[in-house]
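> Please see the structure below; I have some questions.
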Amino acid sequence: MRELESDRSSLMQNSLISPNHWRLSLGERLTLAWQFAFAGLLVLLAGMLAIGAWVTSNLEQGFVQNRADSTALFVDSIVSPLAQGLGTGPKLPSTDEQALARAIQDGPLAHRIYSFKIWTRGATVAYSSDPALIGRTFELRKSLQTALDGSVYAEFDRLEGEEHLVERRSGLEFLEVYSPIRDAQTGEVIGAAEFYEPTSGFTSELHRVRMHSWLVVAAVTAAMLALLFAIVARGSARIEKQRKRLDDQVVELSRLLASNTVLRKRADEATQRTIALNERYLRRISSDLHDGPTQLLGFVIMRLEAIRKGKGRDDDDVLIKRSVTEAINEIRDLCRGLQLPELEALSGREVALRAISAHELFTGNKIEADLTDLEVRNHGMKICLYRFLQEVLSNASRHAKANRIVASAYMKEGTLVVRVEDDGVGFQRGSAGQGLGLAGLQERAASLGGVVDVIADGNRGTIVQMVLP
């Protein structure tokens, strides 16, 4: 019995010291690889948090800035033309204020922008979607100063300050963007636009960017930990080999970074090309309006002037009605997409004959035509051919006062050559291309890879030639 109690006492004593024994010997019993694994895990976790926070912050900043730049570009294209009055005074004209109100409340900005302000360089509100703020002056903040210095500024605003009362009452989260407004003539900053875009449209995208960045950082961290553990476990003989692998990964990451930089540059260039293309599209619209309806209405003015002077013709009423009707129809066609559907089914020669016949009908002048079979299948080239003859023949009759006009068109080695020659008064060298008509023809031909040449020699007539590949 005593022996049993002695064994029980000994067992209790052993049970009391065993936890301390395990705690003291745990570190000694771990291998070097596992000790490194635990220590490295703590270090890498701290590094992951620091690097992840830095990477995520930069990605978020880049995402927000890109979003702000694109929105600012869209807003500037609408607002800047209506805010040019800031260059002459601290207050916008009432017409511009009304136009801004329509653009913000009912226009393309209505579904994208919650509120809007225009600031002068003196930190005075020249316009606001909240009329109570117009004319008030506030403290010049860093965000506004950045825009007045010529840069776009964006942040998730905490909506502090009296000027943010409307936004604060909404209870929404906004991306606050400040964008410079420049003078259309000098390019100088004359004010700044401040607008608030609700973040609901891109919060999920921003969350996805955050998650992906943290996942990438966590994956890289886990991979690094496993790789370092394998290096230590396999010995110093493998360290150099593993280090080389890490160097290769750094090179690959650098290559990917360089590739991303190139892609970003291409995206910027594509944006610039889009802006240039839009500008050319507007010029094309201007050219089509001038070459088509303007010419027809100009003819109507000529006939009305002749009637006023008592030199009218018997068929003037028919011609005037037909010209006005055709001008209206062409304007409608331009509104549908700058197309002339009636030319699609015609051959190149038939398109040229149609332009010449229309001119003879409207002016009463006889045109000498020398046309061969023209292999014109592209609809854009047909429009260019029709507009060229329409514009140049009109110039020869109205401005050159020509008695003889010869129009010719032929194919030469796969190239379309159209030529109009008159014996009119001509014009001085260097004056070609100053008008909208010839400038529009040159732009239209250039868009198809062609050229328009004007040959003039004082008062000895004019030759206008277009070459289209």
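> So for the pair Val318, Phe229, with labels modelled 7 Å out along Cα→Cβ, what separation do we get in nm?
It works out to 9.7 nm between the two label points.
> Sorted from fewest to most neighbouring beta carbons within 10 Å, what does the list Thr137, Thr71, Thr186, Thr146 look like?
The order, fewest Cβ neighbours first, is Thr186, Thr137, Thr146, Thr71.
> Now for a separate question. If we count other beta carbons within 10 Å of each Cβ, what is the order of Val351, Val209, fewest first? Could the numbers behind the result be given before it?
Details: Val351 25, Val209 17.
Taking fewest neighbouring Cβ atoms as first place, the list is Val209, Val351.
> Separate question: Got a sec? How would Met466, Met224 order by Cβ neighbour count within 10 Å, fewest to most? Let's see the in-between values first.
Numbers: Met466 25, Met224 16.
The order, fewest Cβ neighbours first, is Met224, Met466.
> Loop only by DSSP, 13 or fewer other Cβ within 10 Å of the Cβ. Give me the GluC sites (Glu not before Pro) in the range 338-409 that pass, ordered by residue number.
For GluC sites (Glu not before Pro) across the range 338-409 that sit outside H, G, I, E and B with at most 13 neighbouring Cβ atoms in 10 Å, the list reads Glu344, Glu375.
> Relative to the present Cα-Cα distance, how much length would full extension add between Glu360 and Phe138 at 0.36 nm per residue of separation?
73.2 nm
> Let me ask you something else. On a full-extension model of 0.36 nm per residue, what is the gain between Leu41 and Asp370, subtracting their alpha-carbon distance, rounded to one decimal in nm?
109.7 nm
> Anything over 26 Å Cα to Cα? Flag those among Lys311/Lys401; Lys382/Lys412; Lys309/Lys366; Lys117/Lys265, in the order listed. Can you show the working numbers first?
On the way: Lys311/Lys401 17 Å; Lys382/Lys412 17 Å; Lys309/Lys366 23 Å; Lys117/Lys265 32 Å.
Among Lys311/Lys401; Lys382/Lys412; Lys309/Lys366; Lys117/Lys265, the Cα-Cα distance tops 26 Å for Lys117/Lys265.
> Another one. Considering the range 347-469, what Rg and Dmax in Å follow from its alpha-carbon atoms?
13.4, 38
Every read-out reported here was derived from the displayed coordinates using simple, explicitly stated rules and does not represent laboratory data. Remember, it's a predicted structure, so these values are computed and weren't measured experimentally. When we count neighbours, we look across all protein chains shown, and the Cβ atoms used for this are built from the backbone with ideal geometry, even at glycine.
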